[in-house]
Amino acid sequence: MIYIKHRINKAADLKSVKPDWGVEIDLRSKTDQKGFLHLAHDPWTLGESFETWLKEFKSLNIQGPIILNTKEDGLEQRTLELLAQFQITNFFFLDTALPTLVKWTKEKNINTFAVRVSHQEPTDFALLFKNLAQWVWVDCFGGTPLQTHDVLPLKTGFKLGLVSPEPLGRPLLAIVQFAHLHSLPYAFRTKNQDVWGLVSC
């Protein structure tokens, strides 16, 4: 089981990440500087340089995956160039625009992408990318979990990740409502990995 630390958009925050954990970051471009990527969740905010962040990530020898949450379309090529520069291979893109997702997975045969399932995004749609996208990400925008029968078909053909409810503003105890899904995912995105450990007991 891999824990994905939510929103690690500053190099300094990487020091709180254990080597076998993963991290999620938010990527944006700087329009007046071609090829410059920075980390910021909110628009119109200039964050740290992605290249600077990658140097720190590499120096700490973190092995878990990087979730690349692209906040703009068209960042994929430059992102891949920087990851290759630092010899980082354990990553995947999240929240990719559908035409871009189709281009990279079906036309370019690159599988380092995730599709998402939630109460608003049906399992049947995600299954169209089975064996094309490497990951499926099970989200919970309303803070309530999907049922087991919605998630089980995704176990074949994908690595399965689960979004914990507390990064979305839900109470920490809401994690208990997700206990029926605990044994299914390959990875969890959470701010409280210790509580998830208790849920599994």
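The values are calculated or read from the model by the stated rules, or taken from the named source; none is laboratory data. Note that the structure is a prediction, hence the values are computed from the model and not measured. All Cβ positions, even for glycine, are placed from backbone atoms using ideal geometry, and neighbour counts span all protein chains on display. Remember, those area values only see protein heavy atoms, side chains included, never the ligands or the DNA or RNA. Shrake-Rupley method; radii C 1.70, N 1.55, O 1.52, S 1.80 Å.
Of the conditions (1) under 30 Å from L60 (Cβ atoms); (2) open to solvent by less than 10 Å² (accessible area, probe 1.4 Å); (3) over 17 Å from the mean Cα position of the chain (by Cα), W135 clears all except one; give me its number. Only one criterion is unmet by W135, namely (3). Give the residues of segment 38-90 that are of a type in the set (F, W, Y), in contact (Cβ under 8 Å) with a residue 12 or more places away in the chain and open to solvent by 20 Å² or more (accessible area, probe 1.4 Å), sorted by residue number. Of everything in segment 38-90, just one residue is of a type in the set (F, W, Y), in contact (Cβ under 8 Å) with a residue 12 or more places away in the chain and open to solvent by 20 Å² or more (accessible area, probe 1.4 Å), namely F86.
Only one residue in A126, A97 is touching a Leu at 6+ places or on another chain (Cβ under 8 Å) and not basic (K, R), so which one is that? Result: A126 is the single residue among A126, A97 that is touching a Leu at 6+ places or on another chain (Cβ under 8 Å) and not basic (K, R). With a requirement of 1 or more residues that are at pLDDT 95 or above, the strands (runs of 3 or more DSSP E) lying completely within segment 1-63 that satisfy it span 22-29, 37-39.
Taken over segment 37-54, the criterion of being more than 15 Å from L94 (Cβ to Cβ) and out of contact with any helix residue (DSSP H, G or I) (no Cβ under 8 Å at 6 or more places or on another chain) is satisfied by A40, D42, P43, W44, T45, L46, G47, S49.
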